[in-house]
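Notes to accompany the following structure.
Taken together, the values in this text are just the output of simple stated rules run on the coordinates, not laboratory data. For clarity, every value in this text was computed on a predicted model and none was experimentally measured. Ideal geometry is used to build each Cβ from the backbone, glycine not excepted, and the neighbour counts take in all protein chains shown.
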Amino acid sequence: MDTPQKYAELIQPSWAPPSWLFGPVWTVLYVIIAYTFGTVFYKASTGQIPAIVALPFALNLVFNLAFTPIQFGLNNNALAAVDILLVVGTLIWALVEVWPHLPWVTYANIPYLLWGLFATALQLTITYRN
């Protein structure tokens, strides 16, 4: 069974987006993430910003990439809910940490933050309803 089909089978709120919307949204967000997170990792690795600034960005990638396998591979709504909270938490931490060094990275990731907050509300609702 594929991910869109698994998504469609979940008991969802009326405001849940259609499964086809996730691909285009994540494509745009991953371009933003690749450029901005890549910049942070490069500048941290070359000493242009403190290396510790890159930590929440790295953690965010781990949690972000773990979500789909947890939700649709393991079919574990509760663990996916914890994971999405960690995605948003590490993103907020990352944006606060990078602000003094590269404020444009914070601004550029506002769409990711907004989608992450929406996805968190959606996942928590799905977890509750399923």
TODO: Which order do the peptides 8-20, 34-46, 89-101 take when ranked by the mean count of other beta-carbon atoms within 10 Å per residue, highest first?
DONE: 89-101, 34-46, 8-20
Task: Vicinal HN-Hα couplings computed from phi for the stretch 12-28 (Karplus, 6.51 cos²θ - 1.76 cosθ + 1.60; Hz; Gly/Pro x) - done: 10, x, 4, 8, 5, x, x, 4, 5, 6, 5, x, x, 4, 5, 4, 5
TODO: Please provide three numbers in whole Å: the alpha-carbon extents of the stretch 52-130 along the principal axes, with the largest listed first.
DONE: 42, 20, 13
Task: Gaussian network model of the chain, springs between alpha carbon atoms under 10 Å - residue of Leu61, Leu21, Leu117 with greatest fluctuation - done: Leu21
- [ ] Starting at the first residue of the stretch 88-96, write each ³J(HN,Hα) from the Karplus equation 6.51 cos²θ - 1.76 cosθ + 1.60 with θ = phi - 60°, in whole Hz, x for Gly and Pro.
- [x] 5, x, 6, 5, 4, 4, 4, 5, 5
